[in-house]
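Report on the following structure.
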Amino acid sequence: MTRKSLLALLAAAAAIVAPTVFPAPAAAQEEVQEIVVTGARIRRDTDDRVAPAVPAVVVTRRADNLIVQVRVVNDTREAAARRSELTATLRAMARVAASQGSIDLSILNDGMLVPFTEDMIATLTLGVDGARSDTSATSLIIKTPIQPGDTLDSASDRIERFVNQIDLNGRTLVSINGGWQLSIVNPAQYRPQVLEAIATNARQTSTAFGDGYAVHVEGMANPLTWIQSGPLELAMFVPYTMTVTPRP
């Protein structure tokens, strides 16, 4: 390929812009991704969701945040009043969350958390709650950072206290919907730590078997994978295989 052709190809690639999915603001596209870990479901840092077997070497750490979904519902009969009451409650939630360092609001977008701010409310599209056409609803994610001394009870209590202190407007109700979940920020940053743990284990295995055997590790190029391993803990690993064979 000539230099001129290469420059043209790079220019064409730079012109491609990924579409923004409402209500994620454009700035959120540049932020570090925060991924939701759903229960004990294995997740990976690619689009491949095939669950691999958990290998012998994993790196455990605390998740970054405890999260839960809340449902905001209003059944005032007149549509304009219904929207006004619901959005007023959302504004109250956003303002209180902004004033507290231990609570954040987000929306869920394809398994990733996008910060929710008061500026988004004006253009918010409300859904219908079930089959009731006169009832509007929307969902938000409430999260709290997991502190070193936290238990599931202490972290969840912070979220429950926030929900209980929301200034509800009109006929709006806010309720926790579903179970407690975890999130992790930029999981790819832990890949070097996981690879080092695998390498250390391979060296220990080689020493244990002695000079007459060779240790072979395959799969180190596989994507980082993570799974919930405790109430607030995650286990991260790279799917790999290790074999020990006699030297020729």
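The values are calculated or read from the model by the stated rules, or taken from the named source; none is laboratory data. This one's a predicted model, so the numbers in the text were calculated from it and none came from an experiment. Glycine also receives a Cβ, built like all others from the backbone with ideal geometry; neighbour counts cover every protein chain displayed.
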If we keep only residues of the stretch 130-177 that are basic (Lys, Arg) and within 19 Å of SER84 (Cβ to Cβ), then the residue modelled with the highest pLDDT is ARG171
Result of the Cβ filter at 8 Å on the stretch 90-107, keeping first residues that are assigned by TED's automatic domain parsing to the domain that holds ASP157 and free of Cβ contacts under 8 Å to residues at least 40 places away in the same chain and partners that are of a type in the set (A, V, I, L, M) and part of a helix (DSSP H, G or I), at least 6 apart or interchain, is ARG91/ILE121; ALA94/ILE121; LEU105/MET93; LEU105/ALA94; LEU105/ALA97
Screening ASN222, ASN169 for residues that are touching a residue at least 60 places away in the same chain (Cβ under 8 Å), closer than 28 Å to ILE35 by Cα and part of a loop (DSSP other than H, G, I, E, B) leaves only ASN222
For ALA208, the lone unmet condition from (1) among the small types (Gly, Ala, Ser); (2) surrounded by fewer than 17 Cβ atoms within 10 Å (Cβ to Cβ); (3) part of a strand (DSSP E or B) is (3)
Pairing a residue in the stretch 143-159 that is farther than 16 Å from GLY101 by Cβ with any residue that is surrounded by fewer than 18 Cβ atoms within 10 Å (Cβ to Cβ), where Cβ atoms lie under 7 Å and the two sit 6 or more apart in sequence or on different chains, gives LEU152/TRP180; LEU152/PRO231; SER156/TRP180
For LEU195, the lone unmet condition from (1) in a helix (DSSP H, G or I); (2) surrounded by 16 or more Cβ atoms within 10 Å (Cβ to Cβ); (3) over 23 Å from the mean Cα position of the chain (by Cα) is (3)
